[in-house]
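Notes follow the structure.
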Amino acid sequence: MSKIDYLRISLIDRCNFRCLYCMPEGEELSYILKQNILTNHELINLLQFVFIPLGFTKFRLTGGEPLLRPGVIDLVRAIASLPETQDLAITTNGYHLPEMAQPLYDAGLRRLNISLDSLDGEKFDRIIGNRGRSNWARTWQGIQTAYEVGFNPLKLNVVVIPGINDSEVEDLASLTIDKSWHVRFIEFMPIGNLDLFNEKAWIPSEEIRRIIRERWGLKEGQVKGNGPADVFQIPGAKGTLGFISQMSECFCERCNRLRLSADGWLRPCLLNETGQIDLKTSLREGVSLSTLKEQVRELIAQKESINFKLRDSGTNSQDYSRTMSQIGG
Ligand code: SAM
Ligand code: SF4
């Protein structure tokens, strides 16, 4: 089993988008009450006295939309300045990057993943729930600003949905030709929107690679990061392509992460709630950080047996009580 040294931290379960594969319109979502969200101080204590002593050195801030969280810049500064932090990244929808990319960089952040499912403004608005206008333009501006500010590697996440954005695979892949961007194609998972999943299904990474290979050819590549992506490159391109194939390949053996929800639940596996620990309640009831550390150590020891083998399971998203935005995707 891989060394477990990577923590994905959800900062907030709310979002300014409602992507149709994550938070579909019309679906009743219950949000975490503000007072139940771990504070910056609680988070830093947990990192310093629970996770770092257990060997965690890599952290990703996600959500919901992490840039909506008040105090996110201060939190980034605090985590980046912990001497043990080897890697700190944020996954964002990019909407707030035009004004936040520079302050995030100044606070010590060096890695960003930005979701970008389409290069077509109208389609983009449809995918993200058509909230307001110029969302695509703002997100695109956010990507440009992040690149200019110096984020490297700049990663763009694409969830490929048949009949919705699969026709854009080549256009999205071509973004890596002239710029050192890393475009990652993610297989649509049956979590968050089962109706859409049942209607549209998902496209295996191999099929996406075939489309790209037929157009330009494809060779193996390399990129810095902690992810489960298989990395390739269009010959001669400056950037790289990643494929996250959690549906077609089970990479549980390579899983090196735990997830902490915004309300302090620590879960060993994205798709399995077994073994979760409610760190926030324990913390607020006065359980010592050293006791929590032992509980987390125990959870890590059990992780391999808890990991959920999605492809082998035959189950669907009705079995998961939380969406990606709530768990922290
Ligand atoms: N709001 C940020 C964003 O969109 O990048 C961070 C949170 S979002 C939940 C994290 C990632 O989960 C995004 O890249 C999103 O595309 C992905 N995601 C959400 N629902 C998904 C699904 N059903 N299948 C595959 N990926 C999904
Ligand atoms: Fe929001 Fe990200 Fe989910 Fe889209 S994928 S609704 S941007 S949390």
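The values are calculated or read from the model by the stated rules, or taken from the named source; none is laboratory data. Computed from a prediction, not measured in an experiment: that's the story for all the values here. Using ideal geometry, Cβ is built from the backbone for each residue, glycine included, and neighbour counts are taken over all protein chains shown. Remember, those area values only see protein heavy atoms, side chains included, never the ligands or the DNA or RNA. Shrake-Rupley method; radii C 1.70, N 1.55, O 1.52, S 1.80 Å.
Taking segment 170-246 and the helices (runs of 4 or more DSSP H) fully enclosed by it, the elements with 3 or more residues that are surrounded by fewer than 16 Cβ atoms within 10 Å (Cβ to Cβ) and more than 16 Å from ligand 1 (Cβ to nearest atom) are at 205-216. The residues listed here are Tyr105, Tyr95; of these, the one that is among the aromatic types (Phe, Trp, Tyr) and either in a loop (DSSP other than H, G, I, E, B) or within 9 Å of ligand 1 (Cβ to nearest atom) (or both) is Tyr95. Taken over segment 98-120, the criterion of being small (Gly, Ala, Ser) and more than 16 Å from ligand 2 (Cβ to nearest atom) is satisfied by Ala101, Ala107, Gly108. Annotation: of all residues in segment 38-50 being open to solvent by less than 20 Å² (accessible area, probe 1.4 Å) and farther than 11 Å from Ala262 by Cβ, the one that is farthest from ligand 2 (Cβ to nearest atom) is Val50.
Given the structure, is Pro53 in contact (Cβ under 8 Å) with a residue 40 or more places away in the chain and open to solvent by 40 Å² or more (accessible area, probe 1.4 Å)? The answer is yes for Pro53. Residues being part of a loop (DSSP other than H, G, I, E, B) and within 27 Å of Leu29 (Cα to Cα) are entirely absent from segment 149-158. When segment 125-154 is examined, which residues are found to be open to solvent by less than 10 Å² (accessible area, probe 1.4 Å) and under 26 Å from Gln233 (Cβ atoms)? Those that are open to solvent by less than 10 Å² (accessible area, probe 1.4 Å) and under 26 Å from Gln233 (Cβ atoms): Thr139, Gly142, Ile143, Ala146, Phe151, Leu154. For segment 172-200, the tally of residues that are closer than 17 Å to Ile244 by Cβ, away from ligand 2 (no atom under 16 Å from the Cβ) and touching a Pro at 6+ places or on another chain (Cβ under 9 Å) stands at 2.
Consider Leu46 carefully, then state whether it is modelled with pLDDT of 95 or more, among the hydrophobic types (A, V, I, L, M, F, W, C) and within 14 Å of ligand 1 (Cβ to nearest atom). No. Across segment 283-320, which residue is modelled with the highest pLDDT among those that are touching a helix residue (DSSP H, G or I) at 6+ places or on another chain (Cβ under 7 Å) and more than 18 Å from Ile52 (Cβ to Cβ)? Filtering first and then ranking leaves Asn307.
Those residues that are open to solvent by less than 30 Å² (accessible area, probe 1.4 Å), outside any helix (DSSP H, G or I) and under 21 Å from Phe49 (Cα atoms), I need them from segment 64-92; list them, please. Residues satisfying the conditions are Leu82, Thr85, Asp87, Leu88, Ala89.
Yes/no per residue for (1) modelled with pLDDT under 95; (2) under 30 Å from Ser81 (Cβ atoms); (3) part of a helix (DSSP H, G or I):
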residue	(1), (2), (3)
Leu109	no, yes, no
Ile114	no, yes, no
Asp117	no, no, no
Glu122	yes, no, yes
Asn130	yes, no, no
Gln144	no, yes, yes
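A single entry from Asn40, Asn36 fulfils the requirement of being closer than 26 Å to Ile73 by Cα and touching a residue at least 40 places away in the same chain (Cβ under 8 Å): Asn36. Going by what's in this entry, would Arg14 be described as open to solvent by less than 40 Å² (accessible area, probe 1.4 Å), within 16 Å of ligand 2 (Cβ to nearest atom) and within 30 Å of Ser134 (Cβ to Cβ)? Here the answer is no, as Arg14 does not meet what is asked.
The condition of being in contact with a Pro (Cβ under 6 Å, 6 or more places away or on another chain) and more than 16 Å from ligand 1 (Cβ to nearest atom) holds for Ile73. Residue count for segment 17-31 satisfying the condition of being more than 19 Å from the chain's Cα centre (by Cα) and open to solvent by less than 40 Å² (accessible area, probe 1.4 Å): 1.
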